[in-house]
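K.L.:
Sharing a structure, written as structure tokens. Questions coming.
The values are calculated or read from the model by the stated rules, or taken from the named source; none is laboratory data. If you're wondering where the values come from, they're calculated on a predicted model, not measured in any experiment. Every residue, glycine as well, gets a Cβ built from its backbone with ideal geometry; the counts of neighbours run over all protein chains shown. Just the protein is used for accessible areas: all its heavy atoms, side chains included, with ligands, DNA and RNA removed. Shrake-Rupley method; radii C 1.70, N 1.55, O 1.52, S 1.80 Å.
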Amino acid sequence: MKLFDSSTRRASPDHGELVRRYELVRTLVEFLAAVFFVIGSVFFFYDSLLYAGTWLFLIGSILFAVRPTIRLALELHLTRLPVPDEFRPYGARLEEQDRP
């Protein structure tokens, strides 16, 4: 199976469930990153909170870097998940490299 192949995401119900779980985690990470950036932005208006605001920006940046990591982990996980014969397109054979 190829990385970033959209058909892999719906190759079987197990693939679909795996995608759903990873997308949930990715959405939570994106939301937290946005919250840290917004709060950090507000903190920059106050000199006493400047240090904390800088840390919130750093944490938000790290969370935004986690997003593609989650996507890559999903793609790697999908390629390791077997596709049952009943979910293969008509006429598609199991390639030697696809066999466990």
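K.L.:
With (1) surrounded by 15 or more Cβ atoms within 10 Å (Cβ to Cβ); (2) under 16 Å from the mean Cα position of the chain (by Cα) as the list, and Asp5 as the residue in question, which single condition is left unmet?
P.N.:
(1)
K.L.:
Just name the residue that is modelled with the highest pLDDT out of those in region 70-100 that are part of a helix (DSSP H, G or I) and open to solvent by 90 Å² or more (accessible area, probe 1.4 Å).
P.N.:
The residue in question is Arg80.
K.L.:
Here's another thing I want to ask about it. Tell me, please, whether a residue that is acidic (Asp, Glu) and open to solvent by less than 80 Å² (accessible area, probe 1.4 Å) can be found in region 43-57. Reasoning before the result, please.
P.N.:
Step one: of region 43-57, the residues acidic (Asp, Glu) are 47.
Next, from what is left, pick out any that are open to solvent by less than 80 Å² (accessible area, probe 1.4 Å): none.
Scanning region 43-57 turns up no residue that is acidic (Asp, Glu) and open to solvent by less than 80 Å² (accessible area, probe 1.4 Å).
K.L.:
A further question on this structure: Condition test on Leu18, is it out of contact with any Ser or Thr (no Cβ under 9 Å at 6 or more places or on another chain), at pLDDT 95 or above and of a type outside the set (Asp, Glu)? So that I can check it myself, show each step before the final result.
P.N.:
Details: out of contact with any Ser or Thr (no Cβ under 9 Å at 6 or more places or on another chain): yes; at pLDDT 95 or above: no; of a type outside the set (Asp, Glu): yes.
No; evaluated as a whole, the condition is false for this residue.
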